[in-house]
Amino acid sequence: MRLSRTGIFYGVLTLLLAASPFVLNTYWLDVLNSVGLYAILGLSLNIILGDAGLFNLGHAAFYAVGAYTTAILNTRFQIPVVWLLPVAALAAGLFGLIVVRPIIRLRGDYLCIVTVGVGEIVRIALINDVFGLTGGSNGILGIQRPHLFGFIIRRPMHFFFYIWAFVGLSVFLFSRLQHSRFGRALNYLREDEVAAEGSGVNTAHYKLAAFVLGAAWAGMAGNIFATKMTIIAPESFSFWESVLMFAVVILGGAGSVPGVLLGSFLIIGLPELFRGFADARMLIFGGAMILMMIFRSQGIVPAHVRPYSLGELAAAEDSMPPPAAGSGASGNMPSAKEVR
């Protein structure tokens with residue numbers, strides 16, 4: 001039943017998005033482009049925050065590394081921006097590996113505070129024009145548009161299909177990842193890191209892998225953002241951007257791919273509907289967030305936790321080899337069949 005509901009959600013969303021270019025004007029198409037961009041960023045953060053349960057409030061740093069890598073290589077060496085998608089991912093992932101490796105043993109609030117510091121360090125470094133490459137406060141101008149098979153992506157409608165095709169790819173890959181062995185190991189970390197480590201899960205390895213993968217995907221989102229805007233500056237990667245990504249994941253449902261998509265629509269798209277009430281829209285938005293945290297703390301579409309029946313546990317127990325005699329195994333513990 002859960003899979004059919006998810007399929008219906010994706011089907012309805014696909015139909016609505018497919019009809020959007022024919023019924024919406026340029027302004028609202030551009031709003032949907034921003035929603036799609038934050039959906040990619042939210043999915044990249046979801047693997048760190050939602051799947052692995054690691055607080056990260058500096059995700060904009062990886063976003064910035066991907067955008068600036070694209071901008072520098074394109075403006076200085078005229079490398080096509082589409083070719084730079086994997087380069088931006090590699091640069092952001094490598095940066096994540098270097099930065100996160102020394103702090104990977106930190107937990108909870110301590111890790112969160114350090115990630116805030118990383119994000120601010122990157123922003124300040126960009127303002128200070130590191131090695132004369134980042135352009136300081138003025139940023140970098142003249143970034144080329146993407147070229148696909150000789151076609152230049154330049155209009156909001158073109159970017160709509162470009163961005164949402166990437167969102168679709170992200171949804172497919174991250175949904176598959178959640179049901180893989182790697183995804184299950186991340187869920188063990190989220191639920192109880194000590195128990196996961198006691199069960200043989202290499203917690204440091206999986207935490208670092210989650211950060212690197214999330215950083216690489218955020219780097220590709222930075223590439224798309226740079227080519228869409230054709231100009232980037234440090235203020236585009238402030239702490240507020242990390243807060244928005246964090247809110248997208250938490251509001252939609254940490255660990256839930258459909259929840260992240262819904263959260264990106266609510267956090268990025270919904271405030272535009274209240275733009276006529278500019279003085280009060282953030283008050284309304286903040287009040288709605290508070291109510292959500294009180295009455296729906298797991299998010300609008302919380303991650304599904306698979307229930308296991310006693311019959312499944314008994315079947316799993318029957319498939320296990322019997323303990324060796326005198327091995328000290330918990331022979332006095334009741335089995336699932338005895339409990340049943």
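Determine if the stretch 3-16 includes at least one residue that is of a type outside the set (Gly, Ala, Ser), buried (at least 24 other Cβ atoms within 10 Å of the Cβ) and more than 11 Å from Ala218 (Cα to Cα).
Step one: list which residues in the stretch 3-16 are of a type outside the set (Gly, Ala, Ser), which gives 3, 5-6, 8-10, 12-16.
Within this subset, residues satisfying the condition of being buried (at least 24 other Cβ atoms within 10 Å of the Cβ) are none.
No, the conditions are met nowhere in the stretch 3-16.
For the structure I just gave you, tell me whether Gly255 is touching a residue at least 60 places away in the same chain (Cβ under 8 Å) and either at positive phi or touching a strand residue (DSSP E or B) at 6+ places or on another chain (Cβ under 6 Å) (or both). Break it down into steps so the answer makes sense when it comes.
Working: touching a residue at least 60 places away in the same chain (Cβ under 8 Å): yes; either at positive phi or touching a strand residue (DSSP E or B) at 6+ places or on another chain (Cβ under 6 Å) (or both): yes.
So Gly255 fits the description; yes.
Scan the stretch 198-209 and tell me whether some residue there is in contact (Cβ under 8 Å) with a residue 12 or more places away in the chain, touching a strand residue (DSSP E or B) at 6+ places or on another chain (Cβ under 9 Å) and small (Gly, Ala, Ser). Looking for residues that are in contact (Cβ under 8 Å) with a residue 12 or more places away in the chain, touching a strand residue (DSSP E or B) at 6+ places or on another chain (Cβ under 9 Å) and small (Gly, Ala, Ser), one finds none in the stretch 198-209, hence no.
Residue check: Met282 meets all listed conditions (1) surrounded by 11 or more Cβ atoms within 10 Å (Cβ to Cβ); (2) modelled with pLDDT under 75; (3) assigned to a loop (DSSP other than H, G, I, E, B) but one, namely (3).
With the requirement that a residue be buried (at least 18 other Cβ atoms within 10 Å of the Cβ) and either over 15 Å from Leu208 (Cα atoms) or under 17 Å from the mean Cα position of the chain (by Cα) (or both), what does the stretch 178-188 give you?
The initial filter retains those residues of the stretch 178-188 that are buried (at least 18 other Cβ atoms within 10 Å of the Cβ), namely 178, 183, 185-188.
Correct list: Gln178, Gly183, Leu186, Asn187.
When we screen Tyr110, Tyr63 for residues that are at pLDDT below 95 and either surrounded by fewer than 24 Cβ atoms within 10 Å (Cβ to Cβ) or under 14 Å from the mean Cα position of the chain (by Cα) (or both), the only hit is Tyr110.
When you look at Tyr188, is it part of a helix (DSSP H, G or I), in contact with a helix residue (DSSP H, G or I) (Cβ under 7 Å, 6 or more places away or on another chain) and without any contact (Cβ under 8 Å) to a residue 40 or more places away in the chain, yes or no?
Values: part of a helix (DSSP H, G or I): yes; in contact with a helix residue (DSSP H, G or I) (Cβ under 7 Å, 6 or more places away or on another chain): yes; without any contact (Cβ under 8 Å) to a residue 40 or more places away in the chain: yes.
When the stated conditions are applied, Tyr188 passes them.
Gln178 passes every criterion in (1) in contact (Cβ under 8 Å) with a residue 12 or more places away in the chain; (2) in contact with a strand residue (DSSP E or B) (Cβ under 9 Å, 6 or more places away or on another chain); (3) not β-branched (Val, Ile, Thr) apart from (2).
A single entry from Val167, Val171, Val201, Val212 fulfils the requirement of being of a type in the set (Val, Ile, Thr) and either surrounded by fewer than 18 Cβ atoms within 10 Å (Cβ to Cβ) or part of a loop (DSSP other than H, G, I, E, B) (or both): Val201. Checked across the stretch 94-107, the condition of being surrounded by 23 or more Cβ atoms within 10 Å (Cβ to Cβ) and either closer than 15 Å to Ile224 by Cα or under 19 Å from the mean Cα position of the chain (by Cα) (or both) holds for at least one residue.
Quick check on Thr115: is it among the hydroxyl-bearing types (Ser, Thr, Tyr) and touching an Asp or Glu at 6+ places or on another chain (Cβ under 9 Å)?
Working: among the hydroxyl-bearing types (Ser, Thr, Tyr): yes; touching an Asp or Glu at 6+ places or on another chain (Cβ under 9 Å): no.
In short, no.
For the stretch 230-249, enumerate the residues that are under 18 Å from the mean Cα position of the chain (by Cα) and more than 16 Å from Gly219 (Cα to Cα). Spell out how you get there, then give the answer.
First, the residues of the stretch 230-249 that are under 18 Å from the mean Cα position of the chain (by Cα): 236-249.
If the condition is that a residue be under 18 Å from the mean Cα position of the chain (by Cα) and more than 16 Å from Gly219 (Cα to Cα), then Phe239, Trp240, Val243, Leu244, Phe246, Ala247, Val248, Val249 are the ones that fit.
Going through (1) out of contact with any helix residue (DSSP H, G or I) (no Cβ under 9 Å at 6 or more places or on another chain); (2) surrounded by 13 or more Cβ atoms within 10 Å (Cβ to Cβ) one by one, Val118 falls short only on (1).
Of Ser264, Ser238, Ser256, which residue is out of contact with any Phe, Trp or Tyr (no Cβ under 7 Å at 6 or more places or on another chain) and either under 21 Å from Ser170 (Cβ atoms) or at pLDDT below 60 (or both)?
Details: Ser264 fails: out of contact with any Phe, Trp or Tyr (no Cβ under 7 Å at 6 or more places or on another chain); Ser238 fails: either under 21 Å from Ser170 (Cβ atoms) or at pLDDT below 60 (or both).
Result of the check over Ser264, Ser238, Ser256: Ser256.
The values are calculated or read from the model by the stated rules, or taken from the named source; none is laboratory data. All of these numbers come straight from a predicted model, not from anything done at the bench. Backbone-built Cβ (ideal geometry, glycine too); neighbour counts: all protein chains shown.
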